[in-house]
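The values are calculated or read from the model by the stated rules, or taken from the named source; none is laboratory data. These numbers come from a predicted model, not from an experiment. For neighbour counting, all protein chains shown are included, and Cβ atoms are generated from backbone atoms with ideal geometry for every residue, glycine included. Surface accessibility is based on the protein's heavy atoms, side chains included, excluding ligands, DNA and RNA. Shrake-Rupley method; radii C 1.70, N 1.55, O 1.52, S 1.80 Å.
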Amino acid sequence: MTIYLLDQTLEISIFYECADHDLEDNVCVSIIERCPPEEKIFRSGTTHLYLTADQAQHLGEALLEAARKSHAESSQLDS
């Protein structure tokens, strides 16, 4: 899955790295920044974070929980 953020200058790809099936940390979060150096969040244009399945699941759950809270807060403000 690929997600584009910050006016599509930040590309985040999340995938299972089949070649690393024998390693515990075989879920890859690949971040590519296509912006001027002074705007970069990371030092490199491409950064790979390798996570275990449990870490990836916790990250996903944390993102979902934050999204739920954001939606709930927005709904309360709209009421």
- prompt: Going by average Cβ neighbours within 10 Å, how do the peptides 26-34, 11-19, 65-73 rank, with the highest at the top?
  reply: 26-34, 11-19, 65-73
message: Once the convex hull of the alpha carbons of region 26-67 is built, what does its volume come to per residue, in cubic angstrom?
response: 80
query: Using the alpha-carbon centroid of each, what span in Å lies between region 53-79 and region 1-24?
result: 20
- prompt: So what is the accessible area of the chain per residue, in Å², with the probe set to 1.4 Å?
  reply: 78
Angle between the chain longest axis and helix 53-78 axis [Cα atoms, degrees, rounded to 10]: 20
message: Rounded to the nearest percent, how much of the accessible area of the chain (1.4 Å probe, protein heavy atoms only) is carbon and sulfur?
response: 56
message: Can you match Rg and Dmax of the Cα atoms in Å to one of these, [x] 15.7, 51; [y] 11.8, 32; [z] 12.8, 44, based on a calculation from the structure here?
response: [x]
